[in-house]
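Below is one structure, written out as structure tokens, with a few remarks after it.
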Amino acid sequence: MSSNLDGALFRQPGVDVQRLQEIGGALDDDSIKIRGFGARRITLAVDGRILNTPGTAGGYFIDWTTIPLTNIEKIYIIKGVSDPRYGNTLGGVINLITKKPSDKPVFESQAMKARYDTDKLSFFHSWKPSNFEYSRRKKL
């Protein structure tokens, strides 16, 4: 079980994930490819809302390792040219469907320790007391 998006996509057919150690020390926009197309031709969406702008200079970079799975219920992968609502995408679409808050409060914390001062601490809280609902994630 992975704690971030690139780990969850690692064993999906048609999706090629390269770890930072494999591609060098710098972050690379092509660390995830769908059918051979890198991040410039992949659309990332959360609940159908597009987060990046594929096909434009500067609007395509996604640091896949920073997208946590704490609040993700499902991951839909559409390979190839998709329907028009996702815009200009040749590689495909990754649509993250978030969990809906429940009437009982949920609180989760996660701590990770690694070499070279790469510690990570994150908190997640969600609740739906009535018609109002919210989800909040905080990374330290």
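The values are calculated or read from the model by the stated rules, or taken from the named source; none is laboratory data. All values reported here derive from a predicted model rather than from experimental measurement. All Cβ positions, glycine included, derive from the backbone under ideal geometry; neighbour counts span all protein chains shown.
Quick look at the values:
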item: The stretch 102-116: number of residues that are over 19 Å from the mean Cα position of the chain (by Cα) and surrounded by 12 or more Cβ atoms within 10 Å (Cβ to Cβ); result: 1
item: Hits in the stretch 117-140 (condition: more than 19 Å from the chain's Cα centre (by Cα), at pLDDT below 80 and exposed (fewer than 10 other Cβ atoms within 10 Å of the Cβ)); result: ASP117, THR118
item: Cross-chain or 6+ apart pairs with Cβ under 6 Å, the stretch 95-108 first and under 12 Å from TYR134 (Cβ atoms) and without any contact (Cβ under 8 Å) to a residue 24 or more places away in the chain, then surrounded by 14 or more Cβ atoms within 10 Å (Cβ to Cβ) and small (Gly, Ala, Ser); result: VAL106/SER126
item: Test: ASP83 is of a type outside the set (A, V, I, L, M) and at pLDDT 80 or above; result: no
item: Selection within the stretch 53-80 - surrounded by fewer than 17 Cβ atoms within 10 Å (Cβ to Cβ) and modelled with pLDDT under 80; result: THR53, GLY55, THR56, ALA57, GLY58, GLY59, PHE61, ASP63, THR65, THR66, LEU69
item: Given (1) within 19 Å of GLY7 (Cα to Cα); (2) surrounded by 11 or more Cβ atoms within 10 Å (Cβ to Cβ); (3) modelled with pLDDT under 85, number of the condition ILE94 does not satisfy; result: (3)
